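Okay, so here's the structure we're looking at.
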Amino acid sequence: MNQIQIFENFSTHIKNTYIDESFVEKEWPLIEKNTLCRINIGITQSAFHTLMKDVVSKLNLSHCDFIPPSHSSETLDSDGFPDFLKMSIRSCEEYIYLRIPTFWVPHFDFLKVKNALKGFGERKIILDLRLNTGGSLSAVGKLLGLFGGADIPFAYSRLKQWHEFTMPGVVYPISDDKNIDQIGDIEAVCSFPHIEWCTPKDLDFKIDTKIIILADNNTFSCGELFVRGSQEFKIATVIGQKTAGALVLARDDFDLGYGYHLSIPFATLVTRNRYKIEGKGVNPDISFDFDTSIEQELSHEKVLQIIKISN
């Protein structure tokens with residue numbers, strides 16, 4: 001294993017792809033110099049791993065990681081998917097409660113959501129996005145469209161060269177069969193430096209009622225995008241705490257050699273109203289302490305309490 005070669009490849013990817021150009025220009029040269037000095041004095045493999053993790057921690061955006069050969073990429077397969085990250089639906093006389101802990105394809109079942117909501121009647125609709133890990137832009141677009149309408153922009157993705165393009169390209173939600181592990185979303189972003197992401201062109205039906213969204217500081221990435229999008233579409237009351245503030249588009253396939261890989265952001269995301277969630281998060285409309293484990297569904301009594309304060 002050539003530690004210097006691995007780090008040089010690391011540095012090349014940072015210089016060519018990392019989306020914070022100011023950081024690359026002003027802060028990276030000193031980090032690069034100090035890291036090479038440490039490697040050149042000779043360190044063990046374990047110390048090298050620790051050093052590289054420390055370097056990654058100095059990067060000023062979310063979704064950065066140094067991935068050794070023994071670690072597979074962050075793919076949530078069906079067999080290893082924990083129960084608390086699985087979608088659940090509870091329906092009663094007063095409300096329909098949907099716990100949506102991920103927008104990861106294929107673990108977000110949009111058809112199941114649609115079928116559950118078709119006959120909601122006068123009941124309140126509560127979407128619980130606490131602990132939402134993020135996932136697919138397309139999944140977010142489908143769900144926003146269900147409440148907000150067809151063919152409406154909800155986000156813009158931007159590569160480093162985006163400012164060279166006056167008009168963005170337009171992308172509609174990609175079908176799940178072409179978007180396993182968000183590969184379709186990533187390919188779309190890579191295909192054009194500036195993209196306008198829209199809700200579906202056509203809808204089977206639209207729900208015309210204001211919903212309740214639950215969020216907290218464990219709501220990440222595309223989960224945050226849905227929360228903010230619902231506020232900008234004026235389709236929801238958001239209850240809970242400020243979200244994590246971790247929304248960039250990252251890839252973990254940057255090859256460093258010798259089986260090592262790098263995950264770094266390669267594109268920024270802003271909302272329809274050009275709000276940048278990364279580093280800021282999304283504030284709720286009503287602050288609320290859930291006083292329960294984020295891995296648990298809310299009790300019937302707690303949901304009724306939330307409905308009461310939302311009115």
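Is it the case that PRO69 is closer than 30 Å to SER57 by Cα and outside the structural domain of GLY245 (by TED's automatic domain parsing)? In short, yes.
If I filter the stretch 268-277 for residues that are of a type in the set (A, V, I, L, M), in contact with a helix residue (DSSP H, G or I) (Cβ under 9 Å, 6 or more places away or on another chain), surrounded by 13 or more Cβ atoms within 10 Å (Cβ to Cβ) and not in a loop (DSSP other than H, G, I, E, B), do I get at least one hit? Explain how you work it out, then say what you get.
Here is the first cut: in the stretch 268-277, the ones of a type in the set (A, V, I, L, M) are 269-270, 277.
From the residues that got through so far, the ones that are in contact with a helix residue (DSSP H, G or I) (Cβ under 9 Å, 6 or more places away or on another chain) too are 269, 277.
Now narrow it down to the ones that are surrounded by 13 or more Cβ atoms within 10 Å (Cβ to Cβ): 269, 277.
With the extra rule that they be not in a loop (DSSP other than H, G, I, E, B), the set shrinks to 269.
Yes, some residue in the stretch 268-277 is of a type in the set (A, V, I, L, M), in contact with a helix residue (DSSP H, G or I) (Cβ under 9 Å, 6 or more places away or on another chain), surrounded by 13 or more Cβ atoms within 10 Å (Cβ to Cβ) and not in a loop (DSSP other than H, G, I, E, B).
Each residue in the stretch 150-171 was checked for being touching a residue at least 60 places away in the same chain (Cβ under 8 Å) and either among the β-branched types (Val, Ile, Thr) or within 20 Å of ALA116 (Cα to Cα) (or both), and 1 pass. Is it the case that GLU232 is acidic (Asp, Glu), under 22 Å from ASP128 (Cα atoms) and within 17 Å of the chain's Cα centre (by Cα)? No. Any residue at all in the stretch 204-217 that is without any contact (Cβ under 8 Å) to a residue 40 or more places away in the chain and either within 16 Å of the chain's Cα centre (by Cα) or not in a strand (DSSP E or B) (or both)? Within the stretch 204-217, one or more residues are without any contact (Cβ under 8 Å) to a residue 40 or more places away in the chain and either within 16 Å of the chain's Cα centre (by Cα) or not in a strand (DSSP E or B) (or both).
Looking only at the stretch 262-285, decide whether some residue is free of Cβ contacts under 8 Å to residues at least 40 places away in the same chain and either touching a Phe, Trp or Tyr at 6+ places or on another chain (Cβ under 9 Å) or of a type in the set (D, E, K, R) (or both). Yes, the stretch 262-285 contains a residue that is free of Cβ contacts under 8 Å to residues at least 40 places away in the same chain and either touching a Phe, Trp or Tyr at 6+ places or on another chain (Cβ under 9 Å) or of a type in the set (D, E, K, R) (or both).
Which one of these is outside any helix (DSSP H, G or I), at pLDDT 95 or above and not aliphatic (A, V, I, L, M): PHE48, PHE81, PHE66? I'd like the intermediate steps shown before the answer.
Details: PHE48 fails: outside any helix (DSSP H, G or I); PHE81 fails: at pLDDT 95 or above.
The conditions single out PHE66.
Of the listed requirements (1) buried (at least 18 other Cβ atoms within 10 Å of the Cβ); (2) within 17 Å of the chain's Cα centre (by Cα); (3) not in a loop (DSSP other than H, G, I, E, B), ILE183 misses just one: (1).
The values are calculated or read from the model by the stated rules, or taken from the named source; none is laboratory data. All values reported here derive from a predicted model rather than from experimental measurement. Cβ: placed from backbone, ideal geometry, glycine included. Neighbour counts: every protein chain shown.
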